[in-house]
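The values are calculated or read from the model by the stated rules, or taken from the named source; none is laboratory data. Worth saying up front: this structure is predicted, and the values here are computed from it rather than measured. Methodologically, a virtual Cβ is constructed for each residue, glycine included, from the backbone with ideal geometry; neighbour enumeration extends over all protein chains shown.
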Amino acid sequence: MTGQASRSLRVALLGCGVVGSAVARLLTEHADDMRARVGAPLEIVGIAVRRAGRDRSATGVDAALFTTDADDLVTRADVVVEVIGGIEPARSLILRAMEHGASVVTANKALLAEDGPTLYAAAARHGVDLYYEAAVAGAIPLLRPLRESLAGDEVHQVLGIVNGTTNYVLDKMDRTGASFADALEQAQALGYAEADPTADVEGFDAAAKAAILASLAFHSRVAGKDVHREGITDVTAADVAAAREMDSVIKLLAICERLDGGISVRVHPAMIPRSHPLAGVGDAYNAVFVEADAAGQLMFYGRGAGGDPTASAVLGDIVAVAQHRVAGGLGPGESSYADLPVRPMGDALTRYHISLDVADRPGVLAKVASAFADHGVSIETVRQRLVPADDERPESGANLVVVTHTATDAALSATVASLRDLDVVRDVTSVMRVEGS
């Protein structure tokens, strides 16, 4: 791969949506700077699109570059940039590009989470790079620090907000008291949420990113299917209000941590104290908190999505792999030597915030406390509020809020099941995990 400074490096783009068009524009606008940084000119040789004839003049991209023959395009490039997303045809095109000697830059979190090892193996077999900084947190430089800067350290935990849509929704609910449905509607109106927001609000997007983060942080293969996933669709305004009473906020968290000779990888909403660094991350921003043995605590913060922010991360990867081709050599490949097993969700250590609708009579608290003790769960705090009788409820009752000490999720879940069976418990109105304290 040496001696390429005498000619242009050919760049092929797969996809010309919001991110792809931003990459093409920035490569053109900053061509001189890119040449200086790489040591050779970068030439866009084509942009693969699904449909020909569509008016793409608004992208500012030369119409002559567009092609529907992606199979041919990837064989004519030194660097292939994949920003079409999804599993197929992205996977086949990436593998074909590598077979023809092209290094690959991708932002495809779903593909990496489902079949990253196959891509890594192909890159190693064909002697090319596979870079994907934009796959997890947009413009935030996060994966390279985990992959390279912290390669000599031992990471204990990665805790983060990695989905801007859900963060906007939960932040709006916290700041305005809006319901989930109203906050989501506002997110869609602003372009933060898709017309079909399932991938975001049900946690699929965050789970794929958690798999990538855990794989890098713990030098082990973690797939999207290994991640325990819960979304935010069941988070209510009452849950947000309850968090506020505890001086906390609710965030959708990706949590990756070492646990008993293995690793725990999970995505779910949780209360975190307002004093925690992640609590102040508002709007559609992302932030990831990393704790390592020697480095201590680190936090990465910034825009996690959008055309230009994501294109910034893609361009950084393009420069890196292009420099490798000019100088000769490769960047780091897959590191999975640790091969740590992924522990089931029941083994995860967490705390619960449980809200109960109970009868207002003697012995209620004793029965509730006994249910916790039966499962070895210690209670940290208890708050009780009387609920007077009304037209809908002829008998007065009480709202009982219990916050536990740390226990396994299995023990906590079993406790909740037992509480539901108590004759003094009318309803378990809310269960929320508590993290970060």
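The single residue among 31, 77, 52, 64 that is surrounded by fewer than 15 Cβ atoms within 10 Å (Cβ to Cβ), out of contact with any His (no Cβ under 6 Å at 6 or more places or on another chain) and under 19 Å from residue 320 (Cα atoms) turns out to be 31.
Please report, ordered by residue number, the helices (runs of 4 or more DSSP H) entirely within region 99-185 with at least 1 residues that are under 19 Å from residue 217 (Cβ atoms) and touching a helix residue (DSSP H, G or I) at 6+ places or on another chain (Cβ under 8 Å).
So the answer is 109-126, 134-137.
Of all residues assigned to region 422-433, none qualifies as being assigned to a helix (DSSP H, G or I), touching a residue at least 24 places away in the same chain (Cβ under 8 Å), out of contact with any Lys or Arg (no Cβ under 7 Å at 6 or more places or on another chain) and not basic (Lys, Arg). Entry remark, region 223-241: residues being closer than 13 Å to residue 433 by Cβ and not acidic (Asp, Glu) number 3 in total.
Could you grab me the full set of residues in region 282-308 that are more than 13 Å from the chain's Cα centre (by Cα), closer than 30 Å to residue 16 by Cα and in a loop (DSSP other than H, G, I, E, B)? Hits for region 282-308 are 282, 283, 306.
In this structure, residue 247 qualifies as of a type in the set (Asp, Glu) and either closer than 17 Å to residue 164 by Cβ or free of Cβ contacts under 8 Å to residues at least 40 places away in the same chain (or both).
Can you tell me which of 318, 255 is assigned by TED's automatic domain parsing to the domain that holds residue 77, surrounded by 21 or more Cβ atoms within 10 Å (Cβ to Cβ) and under 23 Å from residue 216 (Cα atoms)?
318
Listed by first and then second residue, the pairs linking a residue in region 162-190 that is free of Cβ contacts under 8 Å to residues at least 24 places away in the same chain and of a type in the set (Ser, Thr, Tyr) to a residue that is crowded, with 16+ Cβ neighbours inside 10 Å and not in a loop (DSSP other than H, G, I, E, B), with Cβ atoms under 8 Å apart and 6 or more places separating them unless they lie on different chains, are 176/183.
Note on region 216-265: residues that are in a helix (DSSP H, G or I) and closer than 16 Å to residue 409 by Cβ total 1. So which residues in region 111-130 are touching a Lys or Arg at 6+ places or on another chain (Cβ under 7 Å), surrounded by 15 or more Cβ atoms within 10 Å (Cβ to Cβ) and of a type outside the set (Asp, Glu), if there are any at all? 111, the sole residue that qualifies.
Take residue 137 and decide whether it is closer than 17 Å to residue 211 by Cβ and at pLDDT below 95. So residue 137 passes the test.
Give 133, 148, 88 a once-over and let me know the one that is under 30 Å from residue 295 (Cβ atoms) and surrounded by fewer than 24 Cβ atoms within 10 Å (Cβ to Cβ). Checking each option against the conditions leaves just 148. Of all positions in region 79-99, none carries a residue that is more than 29 Å from residue 224 (Cβ to Cβ) and assigned by TED's automatic domain parsing to the domain that holds residue 322.
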